[in-house]
Each structure stands twice: as structure tokens, then as C-alpha cells.
1. Can you tell which of Thr245, Leu256, Asn348 lies farthest toward the positive end of the dipole of segment 201-360, using +1 and -1 charges on the Cβ of basic and acidic side chains (Lys, Arg; Asp, Glu)?
2. Express in Å², to the nearest 10, the accessible area of Leu516 obtained by rolling a 1.4 Å probe over the protein heavy atoms while all chains stay in place.
3. Below 17 Å, Cα to Cα, which lysines can Lys90 reach? Residues fewer than 8 away in the same chain don't count.
4. Sorting Thr733, Thr792 by accessible area (1.4 Å probe), largest first, what list results?
5. Report the Cα centroid-to-centroid distance between segment 307-330 and segment 629-674 in angstrom, as an integer.
6. Mind jotting down the distance between the C-alpha centroids of segment 775-821 and segment 854-872, whole Å?
7. Show me the chymotrypsin sites (Phe, Trp or Tyr not before Pro) within segment 439-498 that DSSP assigns to loop and that have at most 15 other Cβ atoms within 10 Å of their Cβ.
8. For Ile80, tell me the accessible area in Å² from a 1.4 Å probe, rounded to the nearest 10.
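The values are calculated or read from the model by the stated rules, or taken from the named source; none is laboratory data. Please read all numbers here as calculations on a predicted model, not as lab measurements. Positions of Cβ are generated from backbone atoms using ideal geometry, with glycine treated the same way; all protein chains shown enter the neighbour counts. Protein only, heavy atoms only, side chains kept; ligands, DNA and RNA dropped before computing areas. Shrake-Rupley method; radii C 1.70, N 1.55, O 1.52, S 1.80 Å.
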Amino acid sequence: MRMRLLLSLLAALATISPMRGENPFDFAGTPGKLPKHIVPEEYAIRITPDAKKLTFTGSETIRLEVREPSRTIVLNSAEISITSATLNGKALPKSAIQLDPEEETLTITAPAELPAGKHTLALTFSGKINQQGQGLYYADYAEQGTGEKKRMLGTQFQATDARRMFPCWDEPVFRARFQLTAIVPQSWTAVSNMPIERETKARGKKELHFALTPSMPSYLNVLCAGELDFIEKESAGVLHRVFATRGKAQLGHYALASAEQVTGYFNDYFGTPYPLPKLDQIAVPGGFGGAMENWGGITYFESRLLFDPERSSSSTKQGIYEVIAHEIAHQWFGNLVTMAWWDNLWLNEGFASWMGSKVTAQFNPEWEVWLQSETPRNPTRRAGIAKEAAMEMDARSTTHPIQQPVKTEAEANSAFDVITYRKGQSFIRMLESFLGEEAFRQGIRAYMQQHKYSNTTTADLWKALSEASGQPVQEIAAAWTEQPGFPVVQVARSADGRLTLTQERFTINFPDAPPLEWKIPLTYRVAGAGEPVNLLMEGRTVEISDIPADRAVKLNIEGAGNYRVQYDPASWQLLLAELPRLSSADRVNLLSDAWALVQADRVPLVHYLQLIEKLPTATELAEREQIITAFQFISRLLAQDPKRQQFHQYARSILRPSFDALGWDPKPGEPPRHAALRTSLIAALAKFGDEGIIAGAAERFALYLQKPESLPPDLRAPVLATVGRHADAAIWTKLHERGRSTTSLEEKQEYYDALTAAIDPELIARTLKIALTDELPASRAVTLVGKVARDTERPDLAWTFAKANMKQLLAKNDALGASEYAPGLFNFFAEPARVDELREYAKTLPAGSAKAVEAAADEITFRVQFRQRLLDQLQTWGSGAPPRD
Ligand SMILES: [Zn+2]
């Protein structure tokens, strides 16, 4: 008992002690594996790839500065064989070259101590071209028009894979200038960070000499090569180009125009113009699933960049803009100024995510960007804007502070998660709205000016923002970046017009969470009282007086804050009555909070359902999407239970009127949100067993096979998915044939998504086998198994298959994916025994899986409990109507 008391006392003390507080950037004090007394200044690298043999040979000359006399030089190298080394022009014996595969280092021992000053290290080496997007990789594809099988090469170096193409100081603090030369076949085009300075013929090949880069970290290097086409446009002194495999560059016009627009905005916002002579967007038909901000040569998975005005869907278009905006924001925030170490990755990613959303919203108000961030619809790792997905993760026992210690390569790779990106973004948004748009921008401009071509820590950003705003930013920020989780603010009204606000940590499935406290930049509005009020909540409770007893009060205006709100019954009833007069953003925020409170077991499901039933309109996109997401989760949990029928009936009764208002066919001049909502409703209603929708999809599919132009691009994905779900062998084969033969990666993905939806166990087995073939790019093939687990509600079949073929599947993953792959498949189970099975299996998994294993174990226990709770609450459910309390 004393022990317990002591522990809780310590925990209480922990909540009031000040945060650690980070130091500003300092080279010597930056974490990392490599010694800091020898630093590279300039690299000249030559790479000759052999695309057939999947190998390359290379050489490099590195100009070094030795700051303290030393006999050894330690740098990074992985999966590379060193054939020779020369130091200051003198060849070194083999014994002077030592590779450590475990540590991924190369140690060169000099014949005598190297004095402080400039030195030159030259190496020749060879390595391999990978299937997965790690180091130098290949992507095979069918050429547009000819259908011929072709191969393209690309690179992916973040976080720690530049060392797989050339030995280097592969930590972000070791900035240097890079000059790359690539030797490729005559018919090829190659792209790197800088323009080509010289081109010469070399033994039937051509040698491309790229200009020297500015000072930058190694992970931002890029080389893409193949039979490529491009389009270009010069704007404000910068050459913008879009590269794609031959025959596809014409699909890059939307990307080109977007890149130009976004760059113009950032030139102004950051107050420092884009510093390179050119900025390329490069479409790669494989390698990885996302995009990478390599300086001057951004790479994208092809369907995230190319847009076909005739055939692409509007969600593809929106996704392209968002990802371009995110990656171009990195050209400043990340590239020009770089986080010193991976523990500050959140600064790069949170900021680029926020900035990308901000510019997307600015130029495309009809997309309702911030509203969409309230629904966890697109929780992909490197793009998408789902704040809700981050809050869900951050409420669990397995969360982490957005600023977290990183020691190993595996930890650096696993830092790229939803918390880093989305909580980072969400906190920055909250901070901007608290400091004011203008003061925030002044701070960012000063930060860019002061730190360009250098590295920083979070403390440097807070300092710049404090100076610009006069607010104690470091003090406010510390709890949000250095401790896990976030608060819920409880609202209690008293009869004398006082509102008492109390904060506590908000958790889901985490009963003994350490109590924590935050300085919360709160906003609230009293109904009928005009402008919202800003209030920094500094302690555990705060009181607001003089609130008229009949007026509703809404906290967290437009959902811009990263906290939940729980209202007492009197406040809640007033808000329900106020719903028609609240903005859609406020209503979505109420829905999200209510659903989270249900998950956290703070209120019963009926609390959320009553809110849904009082919503004044049936066609607000973000509101319906929030509902669809919650309903789909409930539906999956009830998969094996007879109660599901009744729940589906209820779900249809809520959603069908929305679809009836929109109809099947796009109306001329309708807002984009109607098109997006129609798509979501078709997919959802079909899953909830709406016979009319299922039959409508089948009819449209039959017509589509005869006349492809009969189906509007936005309807293609939901119609194919619905047909796929109910497919028999003949339909499955038809979908498969179409998917195989199309050269559009966007459509290909839609066909294969339809295959993963098929619920017939024999067809599930057929779909799973595709993951082992090379029909799809490796990065996409591996996702088939997880999609089957989720969409067919047969995670058991997906897992049995994955277990039997794990080696092949892991080989198709990059480092990022490999550590999360197997645990990720357990996320869909709601059976307690699976936790033990996962923990046992985890012993065989790659390093860095531990976090993903714990997260999956937590997800299973959460689902088990949540499922039981729902079943108990649905006990009293009659036909179609929700239970009343
Ligand atoms: Zn990013």
C-alpha cells in the first residue's frame, strides 16, 4: 500500500514539474552514432547501375574536414562492398577498410594520425538494386500505349538508406554538398536534385553530370532513371517539370500547375525564395506508396501525381494537390532548414502536413480541407490529413510524445507514424490560431532567415515564434510535444451562470494512465454572443462566469484545438437544440467528440446516436463521413453476431435519405462535396446491405463493361468495390483481367481493391495469392493482405495466408513497412486469444516491431471490450430503433 501511495504521489508531482525543455541546436550536442570530429564537406559520386543484373558499381571522392586529429574515419555504409579506398591520394590496404553490417558503418583506418584540416577520401564500391523502396530500387511497369514491359530505377533514402547507394555520413546533421554523376543507357533520361551540367557519351551509354547541390543532409539525394518523358514550365525563375514514364507525361499538367501555384505561395509565406534552379515532380510506377521530398526532385508513387481529366476521380485530384503541397512545403521546412536528429521528425512532418493543408485550403476552399481532417478517412502515413486518426492513437497506452528519443535506424524509421504527422499538424494549427496568423508567419520567416542551410531543434522554432508573438510559446508547447496524450475538458454548469471547466487526460482502454496536465489554448462561443473567446487554460480548473442559463456554450470552435470536450447533461441538451445554428465544422467536432467518448466508455452509444438523429441536414459531407466511419467500425465489430442485421437496418435508415437526396448521377454544377459524399454513401450503404444500391451497382458495372464512358470516374471505385464484394468467380475473373491489363495505376488500384472486397472464401484465397506475384508494384502488392483482413471481415484467412508466406511478403516491404506488417494484420481481430498468438509470433519479427506489436495487442483488447459493451447496450434494441436511456 505504501508503495502504491508513493507511486501515485510521484505521478502527481510529475504533472506539476516543468517539462524537460529542449536546447537550441548545437552540432556537437546532437544525438547520433557517428563521431562529430570529422565532417564531410563535399561529395563527388559516380553511379553506374546495371538494371538487368540489379546491381550497380560506384565511386566517390569526399572532401573532409578533420576537426580533431584522428586515425579513424567512421561513416555509414550498408549492403555495399568496398573494392578500394584512397586517402589523400594514397591507396589503403584492404585491412584499413572495415565494414560493420550490424551497425551499418564503415571504418577507415589511416596509416598515421590525420592532422586537423582538409583531407580527401576516395572509395570504389558495388551494391544492389532493391525490389522495395530502399536505397536504389527498381520499378517494373507496362508502358503506356505499347504495353511493353519496362524497368525504371529510383531512390528512396529517408530515413537511413542513402548509405545503401554510397557510403556517407548518413545523419541529417552532417550537411554537405553533393555532385552526382550517373551512367545510363542512351535511351534513358535521368533526374537528380540539380540540373544536368554536362552530358557525354560513354561506351554505348551516356554519362550525366549533375550540378553541385547546396549544403543538405544525405537523405535528400535522389536519382531516377528510365525511359521518361516530361513537361515543363518556367515560373519566377524556377524551372518546373513533371517526369513520368514514356507516354504519361501529358497526365502531369494538373501537377505542374499545382506545383507552380504552391511554390509561389511558399515563396511569399516563408519570405525566402525557393533556392534551387529547378523543381521536378517525378512519377514512379512502384518502389513505394507515397511521396518523398528530395530537394529539387520530389518522387511520387505514380497515381499520387498523374491526373487524367477524362478518367481520374475527384478524390485523386484532391489527393494530388495535398501531397504536392506537403512535399513542396518540405523544400523549405525540412530541406532548407532540417531537424538536427530524428527525435525532431515531428517538426518536419507536422509542419509540412499543416502547411500543406493550409495552402490546399487557401486555393481550394470547395474541398473543405480542415473539415475533412476531422474524419479519419485517409489515414495513410505520408499524406492525408486525419487529425482524428492521431487522436485515436494518442488516447491509447501505446502512444508516445511527438518528440521522442531515437537511438537506432529502426527507431528512426518507426518514428514516421500518425502521431508524428497528425498530432504535430494538429498542435501547430492550434498554436497558429492562438498566436494569430500574422505573428505566426513573422516567426516562421525569422526562423527561415536565421537557420537556412542549417539544422534546428524544436526549441529554435519556439524561440522564433515567442519573439514574433510575445507569448511564452515554449511553456505552452512543452506539454504538447514532450508528454504523450491530450486532455478532455469537462464542462459543468451551475444555476448562478458559472461554467466550471476541468481538464484531465483523455484515454481509451488505458485505465491506469498517469495523470497529466496541459496549458490549453481554449476557444469557446456563447450562443448568440458573436465572436469566439480565446482563453489559455493554465491549471486543472477554470471558471467562466455570467453565462445566461438558457444559452448554449460550444467549446473548441471549429474543432481547431487538439482536445476533447465532455458537456454535462444540461449543457448538452442546450447544444442539441442549438445544432441548426452551429457551423458544420462545429457539428463535426461534436460528432467526433461524442464518438470518442463512446469509445472511451464515458457515455453509452445512444449519446452519439441521439446527436446523429438531431442533425439538421442530411448532405453535409464531413458529418456523414464521420458517421459512416463510426458505423463501419461498429459493423466490423459485430461481424459474427446476429445483432449486426439490426444495426445495418438502423444504419441504412440514417444514411439512405442522404443518398436519396443526391441520387446516382452527378448533377451539373453540384459542389464537389456532393460528388464525394455520393461515393462514400454508395460504398457504405452497400456494405450495410442496401439491396437497391447493390443492384444499382451491378447494373452500372454491366453497362460499364460494354461502354466504359457510361460510368462517371467518381462512381468507378464504389461501383467496382460493391460488385467485387458480392462477386462470383466469373465476375472476380473479369475484374482481375481488367485490373491486369490497364496501364493506369489509379484504375488498376480500384480493380484490385474490388478483388480484396470479395467475401466468398474461395475468392479470398485467390486474391491473397496475388500478393506474391509481380502483377502489382511491390509496395501495393503487400497491402492486399491487410485490405482483405479489413474489407472481408475475415482477418483469420488473411493472417493464415500471411504467416505461411511471411518471408516473401516482408521482402516486398520497405524498412518502414516491414516492422509493422505482421502486427498490422492483427489489428482487425476482436478475440482475446489473438493477443497471446501475436506476442508469441513477435519473437520472429524484424527489429523495431515491438511498438507495432504492443499497439496491435492494445487494439485487440480494446475491440474485445468495446464489442462486449456494444452488445450489452444493444440488448434492448427493438426493430430498427436505438435503445433509449
Ligand atoms: Zn513529409
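1. Going by the charge dipole, the pick is Thr245.
2. Surface open to solvent at Leu516 totals about 30 Å².
3. Reachable lysines: Lys118.
4. Thr733, Thr792
5. Each part reduced to its Cα centre gives a spacing of 26 Å.
6. When both Cα centres are located, 23 Å separates them.
7. Filter output for segment 439-498: Tyr453.
8. For Ile80, solvent-accessible area is about 10 Å².
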